[in-house]
Amino acid sequence: GLNFIDLMVRQGNIDNPPKTPLVPGFECSGIVETLGDSVKGFEIGDRVMAFVNYSAWAEVVCTPVEFVYKIPDDMSFSEAAAFPMNFVTAYMMLFEVANLREGMSVLVHSAGGGVGQAVAQLCSTIPNVTVFGTASSFKHEAIKDSVTHLFDRNADYVQEVKRISTDGVDIVLDCLCGENTGKGLSLLKPLGTYILYGSSNMVTGETKSFFSFAKSWWQVEKVNPIKLYEENKVIAGFSLLNLLFKQNRGSLIKGVMDKLLNLYNSKKIKPVVDSLWALEEVKEAMQRIHDRGNIGKLILDVEKAPTPLMANDSTETSEAGEEEEDHEGDNENKERMPFIQ
């Protein structure tokens, strides 16, 4: 699975980045090839998906058994590689941190991405939940049925949300950071929960820019505990990778995965796969995520041959790495065209 955190690793925008050379990647699916002496519950040949503390983008992966889960019979390998990070993150934030219940409202950024689509599906399992989402305008047609109210990512979504819900929302899920922190807090109802689970605004260009990085941090709302107390608001953070690999909560995540697989088997949720890429195309795949061109999850397939570059690929980025505003038409020209410099 290819995640936005992989772009942050590439640019060094994480705490204590590992020394190079390294193999990136935090989740994968495949077939069990060999077992440790004390491993129980799995057999050679089992179809599995797993979390990995780096090194997932490889033909052979080794990871502790507590991070490995059997794939349901009707789930494909590509869906399995798209499942763990997105759905566990979405489930933990909604149900473990924010305590989502019937009748609540949720604002999620990047609604067309892997986590955004997982959030929308999980919200649909609870009666009468209103989902507000922001996404690039060219994605709206494809994802309009998955959220209740959809706004352009560049629009003034604060005013749009307040126009529909005067009091704001119960839960804000923010993967952007920067100026969106203050906007999210301002939209919270009393007893509402704001959760920061990413900082994609920190990844701005092909290379790390100190000034853009500093600007994003400068825009972050300075949180005043007294103000939180007076307004009855909750602010939280969530990092699945830290929970797994630094805070040793693998057993907790296993319980969540069991619940998610039950939801999958009952056909209430299903991972959205944007496209498959060969390992040789990882640069182009990362560019697609960088440009917010994906709807759902990008997957690296070790058995896939590279796709010949297409001369009519018109994907372009500005110096800041943001999408240009020329998004007329539907998403057909975005489906599977590698980025050409």
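The values are calculated or read from the model by the stated rules, or taken from the named source; none is laboratory data. Just so you know, these numbers come straight off a predicted model, no measurement behind them. So basically every Cβ, Gly included, is an ideal-geometry build from the backbone, and we count neighbours across all protein chains shown. For accessibility, only protein heavy atoms count, side chains too; no ligands or nucleic acids. Shrake-Rupley method; radii C 1.70, N 1.55, O 1.52, S 1.80 Å.
Specify which of the listed residues (SER137, SER186) is modelled with pLDDT under 95, hydroxyl-bearing (Ser, Thr, Tyr) and out of contact with any strand residue (DSSP E or B) (no Cβ under 9 Å at 6 or more places or on another chain).
That would be SER186, the only listed residue that is modelled with pLDDT under 95, hydroxyl-bearing (Ser, Thr, Tyr) and out of contact with any strand residue (DSSP E or B) (no Cβ under 9 Å at 6 or more places or on another chain).
Of all residues in the range 9-41, those satisfying the criterion of being of a type in the set (A, V, I, L, M, F, W, C) and in contact with a helix residue (DSSP H, G or I) (Cβ under 7 Å, 6 or more places away or on another chain) are ILE14, PHE26, CYS28, VAL39. For the range 205-226, the criterion of being touching a helix residue (DSSP H, G or I) at 6+ places or on another chain (Cβ under 8 Å), of a type in the set (Val, Ile, Thr), part of a loop (DSSP other than H, G, I, E, B) and at pLDDT below 50 is satisfied by at least one residue. For the range 70-122, the tally of residues that are free of Cβ contacts under 8 Å to residues at least 40 places away in the same chain and among the acidic types (Asp, Glu) stands at 3. Can you tell me which residues in the range 1-22 are surrounded by 18 or more Cβ atoms within 10 Å (Cβ to Cβ) and of a type in the set (Gly, Ala, Ser)? Hit for the range 1-22 is GLY1, nothing else.
For the range 30-47, filtering for residues that are in contact with a Ser or Thr (Cβ under 8 Å, 6 or more places away or on another chain) and either open to solvent by less than 100 Å² (accessible area, probe 1.4 Å) or without any contact (Cβ under 8 Å) to a residue 12 or more places away in the chain (or both) leaves 1. Among the residues making up the range 239-275, a single one is within 16 Å of the chain's Cα centre (by Cα) and among the acidic types (Asp, Glu): ASP274. Every condition in (1) among the hydroxyl-bearing types (Ser, Thr, Tyr); (2) modelled with pLDDT under 60; (3) over 27 Å from HIS109 (Cβ atoms) holds for SER266 except the one numbered (2). If the condition is being part of a loop (DSSP other than H, G, I, E, B), among the charged types (D, E, K, R) and at pLDDT 90 or above, then the range 1-46 contributes GLU33, ASP37, LYS40, GLU43, ASP46. Considering only the range 265-298, state which residues are over 29 Å from SER137 (Cα atoms) and of a type in the set (Phe, Trp, Tyr). Answer for the range 265-298, where residues must be over 29 Å from SER137 (Cα atoms) and of a type in the set (Phe, Trp, Tyr): there is none. On inspection, GLY25 qualifies as among the small types (Gly, Ala, Ser) and surrounded by 14 or more Cβ atoms within 10 Å (Cβ to Cβ). Across the range 276-286, the qualifying residues are those that are open to solvent by less than 10 Å² (accessible area, probe 1.4 Å) and under 20 Å from GLY112 (Cα atoms), and the one among them that is nearest to the chain's Cα centre (by Cα) is ALA285.
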